[in-house]
1. Of all the helices (runs of 4 or more DSSP H) wholly in region 62-159, which have at least 1 residues that are more than 19 Å from the chain's Cα centre (by Cα)?
2. Please count how many residues of region 457-480 are exposed (fewer than 15 other Cβ atoms within 10 Å of the Cβ) and within 21 Å of residue 78 (Cα to Cα).
3. Within the bounds of region 122-130, is there any residue that is touching a residue at least 24 places away in the same chain (Cβ under 8 Å) and either closer than 20 Å to residue 492 by Cα or within 16 Å of ligand 1 (Cβ to nearest atom) (or both)?
4. So, in region 287-332, how many residues would count as being assigned to a loop (DSSP other than H, G, I, E, B), buried (at least 24 other Cβ atoms within 10 Å of the Cβ) and more than 16 Å from ligand 2 (Cβ to nearest atom)?
5. As an exercise: evaluate residue 116 against (1) modelled with pLDDT of 95 or more; (2) over 23 Å from residue 306 (Cβ atoms); (3) touching a strand residue (DSSP E or B) at 6+ places or on another chain (Cβ under 8 Å) and give the number of the one condition it does not meet.
6. Can you pull out the strands (runs of 3 or more DSSP E) entirely within region 462-510 that have at least 2 residues that are away from ligand 2 (no atom under 13 Å from the Cβ)?
7. Please verify whether region 170-179 includes one or more residues that are within 23 Å of residue 508 (Cα to Cα), more than 15 Å from ligand 1 (Cβ to nearest atom) and part of a strand (DSSP E or B).
8. Quick one: is residue 89 touching a helix residue (DSSP H, G or I) at 6+ places or on another chain (Cβ under 6 Å) and either over 28 Å from residue 443 (Cα atoms) or within 15 Å of ligand 1 (Cβ to nearest atom) (or both)?
Ligand code: ZN
Ligand code: ZN
């Protein structure tokens, strides 16, 4: 009996030991899956930080407020490059880098040894998929360094699905990186989501089906009226004011905007309304559903960019009821997206970040009416004035080719052929602009930007935006509140707070609730996501993971 008891006890101990041992082995061999199943990057085009506090009391509990109240809110996130435009902004967020390194120095630029400007994502070696227009002849070929989305795909032999979507091609193409599963953007002519043969030969059936619904026509079949009674828009100027642009066919920029009539006179009408964002949200949900995002073994990544905020913002300016209404409607679109995730994937499985590609400067005429030092540069006037100066000095016509991205592009070939010294011409132009054009704060030549030192605070923004092969010879930094080309509506591009300071929110999955007012560089977003996913940082990354978000 005693012998049996001893035997049973021994067997019991051995079984327990085997169980403990196998559990330990399994634990060592199989790492714990602690990654989100889906990452959703949301970039709101032109969303200045200011739009969070300004409209806070009007937001619903389920959109921006839900993200901020339960997620981690970086209240002082800033871009550190110039120019603060759409393509450089999106590229910075996803590469963790600046134009000087990732190559996206503007929306358009002039390549060295060329005399024609080209668009950042143009690539004529590919064709449009989904319509007969030329709008799909695109690729990310000018993006020099990798994106966080590239690194995710590379980390698991392309098992993760990565998809970029935005009305603007550049808002979809650069976030999705060099080798995504897909990137889709909106073709205004055909009113369809399209792509390029760079990504695929045919649209998936579900995209064609979505396009067949003709949702843009449905959204344009009723007038755009304010979501709330118009007298409640107390954060904005009165509806009828001289600082706003109008749609073609309107006498005044006032509600209701009669979309069913205006659509015949305004080619870009749809994107210039908040419904362009709603349509993007509709398509984003359809993408998650049809591509089974968040339902796979490896994390998927959906990059969404809401472009209509930028189009409405340019037209009406940040103090308009139109912009306020666009944000209140976007708030509901975001709430819809979050609700879809709750019901279909579970927010504990999804990591969301929301930010913007740049902010916005107020309307210069409005700022003047408040006695601020503000004004407008007209690029043609600057270019003509520089060329007249160069003619007087060198007796050669049209030595300056373009004034874009606040840069003078000199005709390098003409200067070379006439045996002039490029650096000397550039220096003379910079002195001329600084001394003769009103509203200029400082001027930097390309050779100054190639050097490493300046006492000027904004020098580093321009240095971060300078890539010799793609930039001009003279960079002009305007005074704060001076913008290019517009007297109605608004513009962005500067290194000043109103253009660099954007909201940055992380939410969902394991993100702890919290906030910080510490200065965070927008180059930190990509390495933060990389650290969470346990993957390599993008190749040209210069940022650092945000500790409070990246560490568990
Ligand atoms: Zn933008
Ligand atoms: Zn813009």
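The values are calculated or read from the model by the stated rules, or taken from the named source; none is laboratory data. What you see is a predicted model; the values in this text were computed from it and never measured. Positions of Cβ are generated from backbone atoms using ideal geometry, with glycine treated the same way; all protein chains shown enter the neighbour counts.
1. Working: elements: 64-70, 86-95, 99-102, 148-155.
Output list reads 64-70, 148-155.
2. Start the filter on region 457-480 by keeping residues that are exposed (fewer than 15 other Cβ atoms within 10 Å of the Cβ), which leaves 457, 468-469.
Filter again for within 21 Å of residue 78 (Cα to Cα), leaving 457.
Residues that pass the stated criteria total 1.
3. Looking for residues that are touching a residue at least 24 places away in the same chain (Cβ under 8 Å) and either closer than 20 Å to residue 492 by Cα or within 16 Å of ligand 1 (Cβ to nearest atom) (or both), one finds none in region 122-130, hence no.
4. So the count comes out to 2.
5. All conditions pass for residue 116, except number (1).
6. Numbers: elements: 474-478, 482-484, 501-508.
In region 462-510, 474-478, 501-508 are the strands (runs of 3 or more DSSP E) which contain 2 or more residues that are away from ligand 2 (no atom under 13 Å from the Cβ).
7. No, that holds for no residue.
8. Working: touching a helix residue (DSSP H, G or I) at 6+ places or on another chain (Cβ under 6 Å): no; either over 28 Å from residue 443 (Cα atoms) or within 15 Å of ligand 1 (Cβ to nearest atom) (or both): yes.
No, not satisfied.
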